[in-house]
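These notes are about the structure you will find just below.
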Amino acid sequence: MGDAQRYGMVIGLRPERREEYLRLHAAVWPAVERTMLDANIRNFTIFLHGDLLFGYYEYTGDDHAADQARIAADPETRRWWTFTDPCQEPLAEPGSGGRWAPMREVWHLDDPDTGPPAG
């Protein structure tokens, strides 16, 4: 296992479902959180700006595609998505199979205590 890989993504939030989405995320189901942790997801964060949701996470495993498939196959996570998906307006490319549109990292500041050595 190497350094964590960072992922950013964006999706729309349906204004009429804003309060429902925020209420759901005020108490994410523990089984959903455990599935993400078991799939090597760390520091998952969702930010809100207007009607856009920005998601960020760090991946610490060795096979991102396999771990994403494991999350997608989890029955409790699939049930969670039946509540959250109707609140969202997908921004992913049609035919991509995703809902969240991936974002390209353009800059990162390393923690000086954990980043690569200077020089």
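The values are calculated or read from the model by the stated rules, or taken from the named source; none is laboratory data. Worth saying up front: this structure is predicted, and the values here are computed from it rather than measured. Ideal geometry is used to build each Cβ from the backbone, glycine not excepted, and the neighbour counts take in all protein chains shown.
Condition check for Asp38 on (1) modelled with pLDDT of 95 or more; (2) loosely packed, with under 12 Cβ neighbours inside 10 Å: one failure, at (2).
Of all the numbered requirements in (1) under 17 Å from Ile71 (Cβ atoms); (2) touching a residue at least 12 places away in the same chain (Cβ under 8 Å); (3) not basic (Lys, Arg), Leu52 misses one, and that requirement is (1). Only residues that are over 10 Å from the mean Cα position of the chain (by Cα), assigned to a strand (DSSP E or B) and of a type in the set (Phe, Trp, Tyr) were counted in region 9-46, giving 0. Taking every residue in region 58-80 that is more than 16 Å from Ala31 (Cβ to Cβ) and pairing it with any residue that is modelled with pLDDT of 95 or more and basic (Lys, Arg), at least 6 positions away or on another chain, the pairs with Cβ-Cβ distances below 6 Å are Glu58/Arg6; Glu58/Arg42; Thr60/Arg42.
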